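Below you'll find the structure, written out as structure tokens, and then a few comments.
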Amino acid sequence: MNLIFRNARLVCPQGGERDGELYVADHKIAAQAPEGAQVIDCGGKLLAPALIDLGAFAMDKAACRAGGIARIGLMPDQSPVLDGPGIVQRAADMGKPELWVHPIAAATRGLEGTDLAEFAINADAGARAVSTGRRWIADSGVMRRVLAYARDCGLTVIAHAEDGGLAGQAVATDGETATRLGLPSAPAIAEALAIARDLMLVEQTGAAIHFRQVTTAAGFDLIRRAKDRGLRVTCGITPAHLLLSDINVTDFRTFARLSPPLRDEGDRQAALAALADGTIDILCSSHDPRGPEEKRLPFVDATPGMAGAQTLLTLGLGLVRDERIELARLFALVASNPAQLLGIEAGTLEPGMPADLVLIDPGAPWQISSDRMAGKAGNTPFDGLPVQGKAIRLFKGGAEIA
């Protein structure tokens, strides 16, 4: 369908903000108004690239629609694990027609951290990157082969940054909160140790690596220095690790049991500084919906993870209102940068790009409620938080997603 979006506040990671019109012809953004187009009056609301959520653990169409997400990078931690071409191909087809699913294949068979998966064959089947999943590969020799093989295949390695020897069975970060609650904990340096080893291997192999979540001051320092040396490294974070700290687990609230765990206030402030100075490249939801059978348990026994797809946009808009980032930068973090990492042409409002668009009412007030979340589950650590900003219409290739 040919469309004209009129009276819009356009927001593009490359073009910045401006008032005007946007044209869609043959499923793509067009430079000129097409003939016979349907006119959509945006009423002065924001029109931006639809979100691309890098590193989602579940294909959740309802949650993505509510959050303005048109594409996800699906993590390999599925059942079965995305470690073969047939499984990868099926994953790529799962979201059609409402959602683009870009599979991220397992770096090792079964995500066991020992035998390498077939990167080239999986890439031919649709894999856009390879990942260690929720796990850290302890064997440095295996991790070096993963990086070298990925480099030869032109793929980025998406890594979990947490030294398993230190993290063990910990459910919290070492500190006053974990001590008072009697929770098994691990030092925050477990993250920096994992990052440091992998960066040395990246420097030796010339591979590209993305640390899906970096959450500590020491980790961000390592990323900054690696970028200064010209290494091919990027990193991401969730809104939870920017806005919450380990204090939020004080009441044993299992919705705040995450992986990596929430950090102390010093690390949270370091994360906000890393967001401001450009160290952080991607803002992701880490969408991992869990039902009551996995969350209504003692804190130690509960499954880590949060439902984040529906809240990614509104929490990002909150960062803009708090003057942590500019609006155009937000859509670089949630659209154009994830697209670049996955090697897909999307994430901007430039002519020729797919017409994946989200219309946003930035002032719409609502309250995050775990009981009313769209999608598979509502295990959000932001339960009860009043917020502003909502995706009101979503378009995938110019077709509206109901």
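The values are calculated or read from the model by the stated rules, or taken from the named source; none is laboratory data. The shown structure was predicted, so the numbers you read here are calculated from the model rather than taken from an experiment. Here the Cβ positions follow ideal geometry from the backbone for every residue, glycine too, while neighbour counts run over all protein chains shown. The area values use the complete protein model at the heavy-atom level, side chains included, leaving out ligands, DNA and RNA. Shrake-Rupley method; radii C 1.70, N 1.55, O 1.52, S 1.80 Å.
Quick notes on this structure:
- Isotropic mean projected area of the C-alpha convex hull, segment 296-402 (nm²): 8.7
- The chymotrypsin sites (Phe, Trp or Tyr not before Pro) of segment 111-198 include none that meets both conditions, a loop assignment by DSSP and at most 10 other Cβ atoms within 10 Å of the site Cβ.
- Karplus (6.51, -1.76, 1.60) ³J(HN,Hα), θ = phi - 60°, over segment 244-260, in Hz, Gly and Pro reported as x: 10, 10, 5, 4, 6, 9, 4, 8, 6, 5, 6, 4, 9, 7, 10, 9, x
- The phi-based Karplus calculation (6.51 cos²θ - 1.76 cosθ + 1.60; θ = phi - 60°) puts the 3J(HN,Hα) values of segment 133-144 at x, 6, 10, 9, 7, 6, 6, 5, x, 5, 5, 5 Hz, whole numbers, x for Gly and Pro.
- 5 angstrom amide H check on S286, placed H, neighbours 5+ away: none
- Multiplying the residue separation of E98 and T179 by 0.36 nm and removing their Cα-Cα distance gives an extension gain of 24.6 nm.
- Pairs exceeding a 28 Å alpha-carbon distance, out of K45/K396; K227/K390; K227/K295; K28/K390: K227/K390; K227/K295.
- Spatially proximal aspartates and glutamates relative to K376 (Cα-Cα < 18 Å; intrachain offsets below 8 disregarded): D53, D60, D77, E98, D288, E293, E294
- Potential lengthening of the chain between Q89 and D277 amounts to 63.9 nm, from the contour at 0.36 nm per residue minus the alpha-carbon distance.
- Restricting the calculation to Cα atoms, the chain shows an Rg/Rh of 0.96 when the hydrodynamic-style radius is the Kirkwood one.
- Separation between Cα centres of segment 12-27 and segment 185-214, rounded to whole Å: 37
- Tilt relative to the chain, helix 312-321 - C-alpha long axis, 0 to 90 degrees, to 10: 80
- Longest exposed-site-free window of the chain, the sites being trypsin sites (Lys or Arg not before Pro) in a DSSP loop that have at most 14 other C-beta atoms within 10 Å: 1-228
- Per residue, the chain exposes 39 Å² of accessible surface when a 1.4 Å probe is rolled over the protein heavy atoms with every protein chain present.
- With the simple spin-label model, which puts each label point 7 Å out from Cα in the Cβ direction, the A218 to Q38 separation comes to 5.5 nm.
- Surface share of carbon and sulfur [accessible, 1.4 angstrom probe, percent] for the chain: 49
- Under-5 Å amide H pairs with A117, H placed in peptide plane, nonlocal only: T108, R109
- Linear extension gain, R6 paired with A196, 0.36 nm per residue minus alpha-carbon span: 63.5 nm
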